[in-house]
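This report concerns only the one structure given below.
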Amino acid sequence: MKAKTNELEKIFKGAQDFLPLLGTDYVEFYVGNAKQAAHFYKTAFGFQSYAYKGLETGSKETVSYVLKQDKIKLVLTTPLTSKSALNDHIVKHGDAVKVIALWVEDAKKAYEETIKRGAVSFLEPTVETDNQGEVVRSGICTFGDTVHVFVERKNYKGIFLPGYVNWESDYNPEPVGLKYIDHIVGNVGWGQMNTWVKWYEDVMGFENFLSFDDTQIHTEYSALMSKVMSNGNGRIKFPINEPAEGKKRSQIEEYLDFNEGAGVQHIAVATDDIIKTVSQLKARGVEFLSNPPEDYYRAVPNRLQKHHHELQEDINALKKLGIMIDADEEGYLLQIFTKPLEDRPTLFFEIIQRMGAKGFGAGNFKALFESIEREQAKRGTL
Ligand code: FE2
């Protein structure tokens, strides 16, 4: 693991940040049946009904459901006719992430600065208005068919975006304690990781905050490489993975085959109480990867002691749920990964609780990948 933590360099970069990002605004999925997908994310993950647009609101081409849990907003969009361009995305990738929307002060400037630095346009700056004010959005293309949309909402008082209405539902399962998006991971093709690292550096002013090579991320059978990109204020983190040569097919290759190209591999969402959150998710039918073996948990006290941290949670409760623990100099983290959420083995979620650690669970990679390989073996894709 290689961390770049030159503070002076960071301050200097921050002072000239040409793309100040306030946070993640929303994540939009293109799906085959948004009504049913919305029911799933409400029932299984505790998202709340938030906003809606569709035939009833005058939207004749697409229907969108917006779901919210604390700071996280998911938009599920489905086309209403065969003529919609959204169909191509769904045919090719299945239900998948299309938009990682970023909240900005000035969407026109964000567009101009990134286009000037080589971004390909997805959406020219567009002003949308209703009686609650105006929202400006613009967008650029990133890996695969994924896009970043910049959202400027400082002159808007409405619920979500112009065109949306409050979504009132009689069915409101309790939230499970998911707070905010910690990071979003992209899988890219062979030899493409450094191309996209450079793209995030050049076009968006991000920096490479951590790197892992295939000597660090491998099992007996498969390997991958990963670099974590972070924006100036550290609020947005995008790790980028590419496959590496191994004896068998890696999970990244399996993803690329089934997603038919690069795309979002997982969305990591943070909680303050992972034991409670994961217990509830399991009770609601969310499936997680199989638990790490017994000797994984026997090694945990040593791993924490090495960095002088004390586990505040009951290790038996973590073990029972299959939650993994990793530590670095600054603290420790707790994490667990769901199985893919669609029939294609592509997108999954990570639940993470940070207890000071800023890493991504490098110490868990081996146990995690062995668990994924057990699933791949069942699918016949290892
Ligand atoms: Fe992650």
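The values are calculated or read from the model by the stated rules, or taken from the named source; none is laboratory data. Predicted model, so just to flag it, every value in this text is computed and none were measured. As a convention, Cβ positions derive from the backbone with ideal geometry for all residues, glycine included, and neighbour counts pool all protein chains shown. Just so you know, the surface numbers come from the protein's heavy atoms only, side chains and all, with ligands and any DNA or RNA stripped out. Shrake-Rupley method; radii C 1.70, N 1.55, O 1.52, S 1.80 Å.
Take segment 234-276 and flag every residue that is in a strand (DSSP E or B), over 15 Å from the mean Cα position of the chain (by Cα) and surrounded by 23 or more Cβ atoms within 10 Å (Cβ to Cβ). If the condition is that a residue be in a strand (DSSP E or B), over 15 Å from the mean Cα position of the chain (by Cα) and surrounded by 23 or more Cβ atoms within 10 Å (Cβ to Cβ), then E242, P243 are the ones that fit. Given the residues I90, I72, which is the only one that is under 15 Å from the mean Cα position of the chain (by Cα) and not aromatic (F, W, Y)? Result: I72 is the single residue among I90, I72 that is under 15 Å from the mean Cα position of the chain (by Cα) and not aromatic (F, W, Y). Among the criteria (1) open to solvent by 10 Å² or more (accessible area, probe 1.4 Å); (2) over 28 Å from T146 (Cα atoms), the one R354 does not fulfil is (2).
Looking at segment 325-370, which of the residues that are within 14 Å of the chain's Cα centre (by Cα) and among the hydroxyl-bearing types (S, T, Y) is farthest from K276 (Cα to Cα)? So the residue we want is T346.
Sort out which residues of segment 67-95 are farther than 18 Å from L341 by Cβ and hydrophobic (A, V, I, L, M, F, W, C), and write them in order of number. If the condition is that a residue be farther than 18 Å from L341 by Cβ and hydrophobic (A, V, I, L, M, F, W, C), then L80, A85, L86, V91 are the ones that fit. Hey, any hits in segment 248-264 for a residue that's free of Cβ contacts under 8 Å to residues at least 24 places away in the same chain and more than 24 Å from F349 (Cβ to Cβ)? So far as segment 248-264 goes, no, none of its residues is free of Cβ contacts under 8 Å to residues at least 24 places away in the same chain and more than 24 Å from F349 (Cβ to Cβ). If you go through segment 171-189 and keep only what is open to solvent by 20 Å² or more (accessible area, probe 1.4 Å), of a type outside the set (V, I, T) and within 16 Å of the ligand (Cβ to nearest atom), you end up with K179, Y180.
None of A299, A367 is closer than 29 Å to G246 by Cβ, modelled with pLDDT under 95 and within 16 Å of the ligand (Cβ to nearest atom) except A367.
Only a single criterion out of (1) in a strand (DSSP E or B); (2) over 19 Å from N233 (Cβ atoms) is not satisfied by G118, namely (1). Residues in segment 139-170 that are charged (D, E, K, R) and open to solvent by less than 30 Å² (accessible area, probe 1.4 Å): E152 only. Among the residues of segment 122-167, the ones that are within 22 Å of the chain's Cα centre (by Cα) and small (G, A, S) come to 3 in all.
Set side by side, the residues A317, A357, A283 differ, and just one is within 16 Å of the ligand (Cβ to nearest atom) and farther than 20 Å from T219 by Cα, which is A357. When the criteria are applied in full, Q192 meets the requirement of being at pLDDT 90 or above and either open to solvent by less than 70 Å² (accessible area, probe 1.4 Å) or not assigned by TED's automatic domain parsing to the domain that holds Y41 (or both).
Listed residues F348, F337; which is under 22 Å from Y26 (Cα atoms) and open to solvent by 20 Å² or more (accessible area, probe 1.4 Å)? Exactly one residue qualifies, and that residue is F348.
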